[in-house]
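Working notes, structure below.
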Amino acid sequence: MEAMSLGGQEHLVETTYGPVCVAVCGDPDKPALITYPDVALNYMFSFQGLLFCPEASSLLLHNFCIYHISPIGHELGAPVIGVDAPLLSADDLADQIVEVLNYFGLGAVMCMGVTAGAYILTLFAMKYRQRVLGLILISPLCQAPSWSEWLCNKVMSNLLYYYGMCGVVTELLLKRYFSKEVRGNAQVPESDIVQECRRLLSERQSTNVWRYLEAINGRVDLSEGLRKLQCRTLIFIGENSAYHSEAVHMTTKLDRRYGALVEVQGSGSLVTEEQPQAMVIPMEYFLMGYGLYRPAQSVSPRSPLSPTRISPELLSPENMGLKLKPIKTRLAL
């Protein structure tokens, strides 16, 4: 896949909550897919594994124009956000997405988010239902932080604020993203993707990361509102993710007609980087419900998922939305 397919053209969109960087990849006349990354990451890392997987890139770029939204100050080369700038809440970040969609003239969109980004997009879908066609969530959050998570985030937050992106913060973030298998140990070196992530984190503006972490650590429980979420939702969770129980909880709260869970073996939270090929076939089934498909000349790979790891409802034509009409996301002028 060409690097341009991931890099795209970057736009700095002025919003009520400050300027936000959006990288646009693909044909703007196609339906829109927006992405949102986890804490301290941007689209270049959160989704490059998925989009460098030929089967996934042909599926997504054949059907969508992708709008990668970076949290404020998370784009490459971002300046430090001034100390006087107000701290944004998760609600503010969700409201900011509407302004981004309006800037590009987009109506209803497909959404894909990782962990904290999945929470922001779920909140966005709950607040602006008419703007969301479907959700693809990777290791999502939906409840308020547990005491252990809140405390861990507070430790990271204080270290970021006073000491920057120090070694302790880096290790805690890598543990958040990846399974221990790829993080390595005394006998096994850490994998290339972990090394690359470590390099990326060393270049982050620590106070900008602190702001996003503070927003997500102050999140509220969305559980009770999930049942009213009418858009179809596909959830991926790594079996070794620290948020495994969170994803299972979220699935039980969704309307069973609209939600499906896929557990990915041998992966941490960042399935898009560790096991992107495991996402292809479930996404194909999911997107078929919207009249979307992968080009015929591309042969489907074998999925590394065992059949027992795919929720039975995932393969139900009703659950995959096969009666839905093909999607259009451009607003009528």
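Conditions (1) without any contact (Cβ under 8 Å) to a residue 24 or more places away in the chain; (2) surrounded by 22 or more Cβ atoms within 10 Å (Cβ to Cβ), marked per residue:
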{"position": "Ala215", "(1), (2)": "no, yes"}
{"position": "Asp221", "(1), (2)": "no, no"}
{"position": "Gly225", "(1), (2)": "no, no"}
{"position": "Gln230", "(1), (2)": "no, no"}
{"position": "Phe236", "(1), (2)": "no, yes"}
{"position": "Asn240", "(1), (2)": "no, no"}
{"position": "Ser245", "(1), (2)": "yes, no"}
{"position": "Val248", "(1), (2)": "yes, no"}
Exercise for the section: Determine which single condition Leu51 fails, assuming it passes every other condition in (1) touching a Ser or Thr at 6+ places or on another chain (Cβ under 6 Å); (2) hydrophobic (A, V, I, L, M, F, W, C); (3) under 15 Å from Ser206 (Cβ atoms). Expected result: (3)
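Quick grid of which residues meet (1) touching a strand residue (DSSP E or B) at 6+ places or on another chain (Cβ under 9 Å); (2) not polar (S, T, N, Q):
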{"site": "Thr16", "(1), (2)": "no, no"}
{"site": "Ile34", "(1), (2)": "yes, yes"}
{"site": "Val39", "(1), (2)": "no, yes"}
{"site": "Phe64", "(1), (2)": "yes, yes"}
{"site": "Glu75", "(1), (2)": "yes, yes"}
{"site": "Leu106", "(1), (2)": "yes, yes"}
Fill in the blank from the handout: Checking Leu133, Leu159 in turn, the sole residue that is touching a helix residue (DSSP H, G or I) at 6+ places or on another chain (Cβ under 6 Å) and either among the aliphatic types (A, V, I, L, M) or over 23 Å from Met44 (Cα atoms) (or both) turns out to be Leu159
Practice task
Answer with yes or no whether Ser146 is hydroxyl-bearing (Ser, Thr, Tyr), free of Cβ contacts under 8 Å to residues at least 12 places away in the same chain and either surrounded by 17 or more Cβ atoms within 10 Å (Cβ to Cβ) or under 24 Å from Ser269 (Cβ atoms) (or both).
Solution key: yes
Handout entry: Filter result for Gly8 (at pLDDT 90 or above and either more than 16 Å from the chain's Cα centre (by Cα) or closer than 30 Å to Ala215 by Cα (or both))
Key = no
Exercise for the section: Collect the residues in the stretch 19-47 that are in contact with a Ser or Thr (Cβ under 8 Å, 6 or more places away or on another chain) and part of a helix (DSSP H, G or I), keeping them in residue-number order. Expected result: Tyr43, Ser46
Exercise for the section: Could you list all residues from the stretch 98-143 that are surrounded by fewer than 24 Cβ atoms within 10 Å (Cβ to Cβ), among the hydrophobic types (A, V, I, L, M, F, W, C) and part of a loop (DSSP other than H, G, I, E, B)? Expected result: Phe104, Ala108
Practice task
Test each condition in (1) modelled with pLDDT under 95; (2) under 27 Å from Cys142 (Cβ atoms); (3) assigned to a helix (DSSP H, G or I); (4) acidic (Asp, Glu) for Glu55 and report the one that comes out false.
Solution key: (2)
Fill in the blank from the handout: Filtering the stretch 62-95 down to residues that are in contact (Cβ under 8 Å) with a residue 60 or more places away in the chain, in a helix (DSSP H, G or I) and in contact with a helix residue (DSSP H, G or I) (Cβ under 9 Å, 6 or more places away or on another chain) yields Asn63, Ala90, Asp92, Leu93, Asp95
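The values are calculated or read from the model by the stated rules, or taken from the named source; none is laboratory data. Only a predicted model underlies this, so the values are computations on that prediction, with no experimental measurement involved. Glycine also receives a Cβ, built like all others from the backbone with ideal geometry; neighbour counts cover every protein chain displayed.
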